[in-house]
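Reading through the C-alpha cells given below for one structure.
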Protein chains: 2
Amino acid sequence: MKPGADETVEVSSRDNTARPTLGLSRGISILDLILRIIAAIGTLASAVAMGTTEQTLPIFSQFIFRAKYNDLPTLTFFVIANSIVCGYLVLFLPLSIFHVIKTSAKISRLILLVFDTVMLALVTAGASAATAIVYLAHEGNSYANWLAICQQFNTFCQRISGSLIGSFGAAVLLVFLIIISAVSIYRL
Amino acid sequence: MKPGADETVEVSSRDNTARPTLGLSRGISILDLILRIIAAIGTLASAVAMGTTEQTLPIFSQFIFRAKYNDLPTLTFFVIANSIVCGYLVLFLPLSIFHVIKTSAKISRLILLVFDTVMLALVTAGASAATAIVYLAHEGNSYANWLAICQQFNTFCQRISGSLIGSFGAAVLLVFLIIISAVSIYRL
C-alpha cells in the first residue's frame with residue numbers, strides 16, 4: 001500500500017467535484033454563523049428579560065407584595081441555562097467564522113455538533129421548565145389548590161412569558177445548527 | 001472528466017482502509033441499536049409509570065381527595081411526549097438493524113440524526129416541564145403561596161418522581177445516539 005500515491009489520486013478526484021460545490025459549502029457555513037448569532041441574541045435577551053423582572057404591589061399599607069424571578073427556583077434555572085448557552089454560542093463563534101474561511105474543516109464541525117447537542121438539551125430544559133411554571137402562574141391548578149398569581153402580578157407575568165420566546169427560538173435554531181453541521185460533515 | 005474511472009479509483013482506494021475499520025463500524029452500529037432499545041424502554045416505562053399514577057385519600061367522610069396525573073396538564077404533556085418518542089424509537093429500530101448489516105449506509109444515518117435531534121428536544125421538554133411541577137409538588141413555593149402537596153399525596157409523589165428517571169435517561173441516551181450517528185457519518 002502506498003499512502004502517498006493514494007492521497008494524490010484522492011485529491012485530484014476530489015478537485016473535480018470540489019469547485020462547483022465550494023460556493024454551497026461556504027453558503028452553508030455563512031448560514032451557520034448567522035443562525036448562531038441570532039441564537040446567541042435570543043438566549044441573551046431571554047436571560048436579561050427574565051433576570052431583570054421584578055414587580056412590587058403596594059396595595060396594602062402594611063404588607064408590600066413583591067414578585068421577582070428568583071422567588072421561583074425554576075426561573076433561576078432558566079436564567080442560568082440561557083446564560084450558559086449564550087456564553088457557549090459567543091465563545092464558539094470564532095470556530096464558526098473559521099468554517100466560513102476553511103469550508104473543508106471536518107473534525108471541528110463534529111466538535112461543534114457534539115456541543116450544540118448538549119446545549120440544545122440544556123436550553124430546552126430551561127425553557128420547558130420555565131413554561132410549566134409560567135403556565136401555572138397564568139392558569140393555576142384547582143386540584144393542587146395552586147392559585148393563578150397573574151391576576152395580581154400582571155406586568156411580572158407578561159415579562160416572564162415574553163422571555164420564553166427567545167429561549168424557544170434559540171432551541172429551534174440549535175436544531176437547525178445541528179442539522180447544518182451533520183449535512184456539512186456528510187458532504188465532506 | 002470520466003466519472004466512471006474516478007469512481008473505480010475511489011472505490012479501490014477506499015477498500016484499502018475499509019477492511020480494518022469494518023469491525024469498528026459494526027460495533028458502533030450495534031451500540032446504536034442497544035442504546036436505542038434501552039431509550040425506548042426508558043420512555044415506555046416513564047409514560048406507563050406516569051400514566052397509571054392515581055392516589056385516593058379517603059380521610060374525610062364527605063370529601064374524597066384524589067390525585068391523578070391528568071389533573072396537571074404538564075404531566076399529561078409528559079406522558080404524550082414520552083409516548084411519541086417511544087413510538088419513534090420502536091418504529092425506527094429496523095433502520096438501526098439495517099445499519100448493523102450495511103455499515104456503509106450514510107444518508108439513512110443522516111435521517112436518523114435529524115429525527116433523533118427533534119426527539120431529544122421533545123423528550124427533554126417533557127421531562128423538564130414535569131420536573132418543575134414535581135419539584136413544586138415536593139417543595140411548594142411560599143412566595144406564590146403554592147403549598148407542597150406531597151405531604152398528603154405521598155405515593156402519588158413517589159410515582160411521579162420515579163417516572164422522571166426513565167425520561168431523563170432516554171434524553172441522555174439520545175444525546176449519545178446523535179453523537180454516534182455524527183461520528184459514523186464522519187468516518188464514512
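The values are calculated or read from the model by the stated rules, or taken from the named source; none is laboratory data. None of these values were measured; they are calculated from a predicted model. Here the Cβ is made from the backbone with ideal geometry for all residues, glycine too, and neighbour counts use every protein chain on show. Areas reflect the complete protein model, heavy atoms only, side chains present, ligands, DNA and RNA absent. Shrake-Rupley method; radii C 1.70, N 1.55, O 1.52, S 1.80 Å.
Observations on the model:
- Filtered by the rule that a residue be aliphatic (A, V, I, L, M) and more than 10 Å from B:L110 (Cβ to Cβ), the range A:172-188 gives A:V172, A:L173, A:L174, A:V175, A:L177, A:I178, A:I180, A:L188.
- Matching option when the condition is open to solvent by 40 Å² or more (accessible area, probe 1.4 Å), at pLDDT 85 or above and of a type outside the set (G, A, S), among B:R26, B:R14: B:R26
- Residue among B:S83, B:S161 that alone is touching a helix residue (DSSP H, G or I) at 6+ places or on another chain (Cβ under 6 Å), surrounded by fewer than 22 Cβ atoms within 10 Å (Cβ to Cβ) and within 21 Å of B:Q55 (Cβ to Cβ): B:S161
- Of residues in the range A:29-70 being farther than 30 Å from A:I84 by Cα and of a type in the set (A, V, I, L, M), the one modelled with the highest pLDDT: A:L57
- Taking residues in the range B:110-133 that are facing chain A (nearest Cβ under 7 Å) and under 24 Å from A:R187 (Cβ atoms), and partners anywhere that are in a helix (DSSP H, G or I) and open to solvent by 30 Å² or more (accessible area, probe 1.4 Å), the pairs with Cβ atoms closer than 8 Å and at least 6 places apart or on different chains are B:L110/A:V183; B:L110/A:Y186; B:L113/A:I179; B:V114/A:I179; B:T117/A:I179.
- Residue match in the range A:131-139 (condition: surrounded by fewer than 19 Cβ atoms within 10 Å (Cβ to Cβ) and either under 25 Å from B:L122 (Cβ atoms) or out of contact with any strand residue (DSSP E or B) (no Cβ under 8 Å at 6 or more places or on another chain) (or both)): yes
This table checks each residue for (1) surrounded by 21 or more Cβ atoms within 10 Å (Cβ to Cβ); (2) of a type outside the set (S, T, N, Q).
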{"site": "B:F92", "(1), (2)": "no, yes"}
{"site": "B:H99", "(1), (2)": "yes, yes"}
{"site": "B:K102", "(1), (2)": "no, yes"}
{"site": "B:S108", "(1), (2)": "no, no"}
{"site": "B:L147", "(1), (2)": "no, yes"}
{"site": "B:G169", "(1), (2)": "no, yes"}
{"site": "B:S181", "(1), (2)": "yes, no"}
{"site": "B:I185", "(1), (2)": "yes, yes"}
